[in-house]
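Input: a single structure, listed below in structure tokens.
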Amino acid sequence: MVQLLAVAIFFLCASTDLCLWRMASHWPILLLSIGFGAVNALSSEHTGAITCMVTGHVQRLAGFVADLASTSSSGGISDTARRGAGQSLRIFFMFCFGVATGSITTGWTGPLWKMRTAAAWLPMVVRLERSFTPLGVLYVLLLLTQALPTTATH
């Protein structure tokens, strides 16, 4: 099932590019919302954590830091709180990595529009400016590697 969704997500990203290149409208972006919703559902189902929004994770990290500062002389922080903060920290860093990677691969640099695009230094073979297809490829690779059976070594 994950393999089928991975391919569907790729086609949604590639279809968005095709539609955007053919029409002067931003409505094809709705195709991406379907694909990203599927990614969110898969990540929530398999990891038990929402990975596409970081508000709750930043709140958990801030609470952990506040608890850490206020419990320095008392019993300390529980292992459950430490594990939760560690999970939120990993998700936060992966979210930031995803934003940076997506910005570079699509050529979007946001408010730095007067500067050369971040993708300008990438080789011409890799660079696909303002294209969602590379993100589709990354999602396919990620989801397919997650769907592979793992062998436990003891």
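Taken over region 1-40, the criterion of being part of a helix (DSSP H, G or I) and among the polar types (S, T, N, Q) is satisfied by GLN3, SER15, THR16, SER33, ASN40.
Among the residues of region 42-53, write down those that are within 14 Å of the chain's Cα centre (by Cα) and surrounded by 12 or more Cβ atoms within 10 Å (Cβ to Cβ).
Result: LEU42, SER43, SER44, THR47, ALA49, ILE50, THR51, CYS52.
Evaluated against (1) at pLDDT 85 or above; (2) in contact with a Lys or Arg (Cβ under 7 Å, 6 or more places away or on another chain); (3) within 23 Å of LEU141 (Cβ to Cβ), THR106 falls short on exactly one condition, (1). Among the residues examined, PHE95 qualifies as of a type outside the set (S, T, N, Q) and under 20 Å from PRO134 (Cα atoms). Look at (1) assigned to a loop (DSSP other than H, G, I, E, B); (2) in contact with a Cys (Cβ under 9 Å, 6 or more places away or on another chain) and you find that SER43 fails only one, number (1).
The set of residues from region 1-31 being surrounded by 13 or more Cβ atoms within 10 Å (Cβ to Cβ) and aromatic (Phe, Trp, Tyr) comprises PHE10, PHE11. Condition check for VAL54 on (1) without any contact (Cβ under 8 Å) to a residue 40 or more places away in the chain; (2) under 18 Å from ARG83 (Cα atoms): one failure, at (1). Are any residues in region 69-95 at pLDDT 85 or above and either more than 19 Å from GLY48 (Cβ to Cβ) or of a type in the set (A, V, I, L, M) (or both), and if so, which ones? Selection gives ALA81, ALA85, LEU89, ILE91, MET94.
The values are calculated or read from the model by the stated rules, or taken from the named source; none is laboratory data. What you are looking at is a predicted structure, and each value in this text was computed from that prediction instead of being measured. With ideal geometry, Cβ positions are generated from the backbone for all residues, glycine too; neighbour counts draw on all protein chains shown.
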